[in-house]
Amino acid sequence: MRKINSTDNLKYTERAVTFGKFDAVHLGHQKLIKKIAEKKKYGLEAAIFTFDKPPSSLLNNDDKQNFKTLLTKRERESLLECLGIDSLYEYNVTYENLSMTAEQFVIDIIRGRLNAKYVVVGDDFRFGYKRLGDVKLLNSMTDNCGYELEVISKERAFDDVISSSRIRDSLLKGEIETVNKLLGYDYFVTGCIVEGNRLGRTWNIPTINVTWPDEKLEAKYGVYYSKVVIENKEYYGMTNFGRKPTIKGDNLLGTETYLYNCSENLYGKEARISLLYFRRDEQKFASIDLLKKTLYKDIEAGREFFNIDLL
């Protein structure tokens, strides 16, 4: 997949295009992606037009959580490539670009630079200055701009529309099973395995540590059962996400995962940790001994959850 930060001199390739932030690549996004990927058999390039950062980040807002994303850029790009996207165009979020009228956007971007021959959007799609552009405007300009327009209904689950805001809310509540159903895949974090304080080894509970990316929205702090992929090898795990409040010191936000039936040295390798089930809140224990006893219980409950035999 090509990643391009400028739409200059791209008009010589005919494209099937959809638009949006695609910050979660959830089932609703996947519905749009499937449509443009199907057009590849007709010789069109499957392309997504998105933003290089949240447009809301230009506004004065002290709530940094509003600017955090469900996926890092790298995680999003990996998912999009797996779904068949050929090109990802990241539009520069500037006051000048966001002030472009809807009509200008259709003429200059959709027709002039992207050379779109097929456009698919959701029925509530809005664009252009003050979000004045809509599907009615897009439809009125199809003949003059030479593209076919398809408008699809929003994807629904549990009697409501699937949206990134709905997923964010469920994630912060620890409703990870709901999150995964809305996403259409298991919510994950990727990162390099780094060295921790090695306390787990002294308790016969060796763990791998992955620092949580700054740009990524924080899940609810707590203990999760997880699936971990390292160098194409899959493990079941018990993951604590948070800051380990019982352990003294300035503990960085991250995941600490016990891998079932694994004794390998994995430092420096990349891990993809998918959260499957929320067991309990992270908590500060009165003593290290109480923490250890609780972790042993968590591990045994995980064996039952995964139906794992002790090797």
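Odds and ends about this structure:
- Comparing LEU98, LEU295, PHE49 along the charge dipole axis of the chain, the residue lying farthest to the positive side is LEU295, per the Cβ-charge model.
- Considering only trypsin sites (Lys or Arg not before Pro) in DSSP loops that have at most 11 other Cβ atoms within 10 Å, the longest stretch of the chain without any of them is 1-197.
- Only Lys, Arg, Asp and Glu carry charge here, each on its Cβ (+1 for the first two, -1 for the last two); on that basis the range 12-155 has a dipole of about 180 debye about its Cα centre.
- Contour excess over end-to-end distance, with Cα ends at ASP309 and SER153 and 0.36 nm allotted per residue: 51.6 nm
- Of all the options ASP250, ASP159, ASP134, the one that moves most in a Gaussian network model of the chain with Cα springs shorter than 10 angstrom is ASP159.
- Alpha carbon centroid spacing (whole Å) that separates the range 230-245 from the range 190-215: 8
- Percent of alpha-carbon pairs separated by more than 21 Å within the range 169-262: 32
- Residue-span extension gain [SER287 to LEU132] - 0.36 nm each, minus C-alpha spacing: 50.0 nm
- Each helix, a run of at least 4 DSSP H residues, gives -39500 (n - 2.57); summed and divided by the residues of the chain, these come to -6500 deg cm²/dmol at 222 nm.
- Cα-based Rg and Dmax for the range 159-223, where Dmax is the largest Cα-Cα distance (Å): 15.1, 49
- Over all other residues within a Cβ to Cβ distance under 10 Å of GLU282, the charged ones net out to +4, with Lys and Arg as +1 and Asp and Glu as -1.
- Evaluating 6.51 cos²θ - 1.76 cosθ + 1.60 at θ = phi - 60° for every residue in the range 47-53, the Karplus couplings come out as 10, 10, 9, 9, 10, 7, 6 Hz, glycine and proline recorded as x.
- Extreme residue, positive dipole direction of the chain, given options VAL229, VAL119, GLY133 (C-beta unit charges): VAL229
- Angle of helix 73-82 to the longest C-alpha principal axis of the chain, folded into 0 to 90 degrees and rounded to 10: 70°.
- Across all directions, the shadow cast by the convex hull of the chain built on its C-alpha atoms averages 18.4 square nanometres.
- For the range 186-306, the residue among ASN204, GLY242, LEU275 whose Cα projects farthest onto the positive side of the dipole built from Cβ charges is ASN204.
- Antiparallel DSSP beta bridges within the range 12-155, as percent of all bridges there, nearest 5: 5
- Computed with the Debye formula from one identical point scatterer per Cα of the range 12-155, without solvent, the log10 of I(q)/I(0) at q = 0.19 Å⁻¹ comes to -1.24.
- Cα-based values for the range 199-311, radius of gyration first and Dmax second, are 13.5, 39 Å.
- Compared with the alpha-carbon gap, the fully stretched path from THR211 to THR101 is longer by 35.5 nm at 0.36 nm per residue.
- Sequence of THR94, THR211, THR239 once ranked by neighbouring C-beta atoms within 10 Å, starting from the fewest: THR94, THR211, THR239
- Dipole in debye (nearest 20) - the range 186-306, about Cα centre, beta carbon charges: Lys, Arg +1; Asp, Glu -1: 380
- The chymotrypsin sites (Phe, Trp or Tyr not before Pro) of the range 36-129 include none that meets both criteria, a DSSP state outside H, G, I, E and B (loop) and at most 10 other C-beta atoms within 10 angstrom of the site's C-beta.
- Alpha-carbon centroids, the range 113-138 and the range 15-37: separation in whole Å: 13
- Those lysines that a straight Cα-Cα span of less than 24 Å connects to LYS297, excepting residues fewer than 8 apart in one chain: LYS173, LYS220, LYS227, LYS244, LYS248, LYS284
- Only Lys, Arg (+1) and Asp, Glu (-1) charged, at Cβ; the chain dipole about Cα centre in debye: 260
- Between TYR267 and ASP160, the modelled labels are 4.5 nm apart [label points 7 Å from Cα along Cα→Cβ].
Every number in this text was worked out from the coordinates using simple rules, so none of it is lab data. The shown structure was predicted, so the numbers you read here are calculated from the model rather than taken from an experiment. FYI the Cβ positions are ideal-geometry reconstructions off the backbone, even for glycines, and counts take in every protein chain you see.
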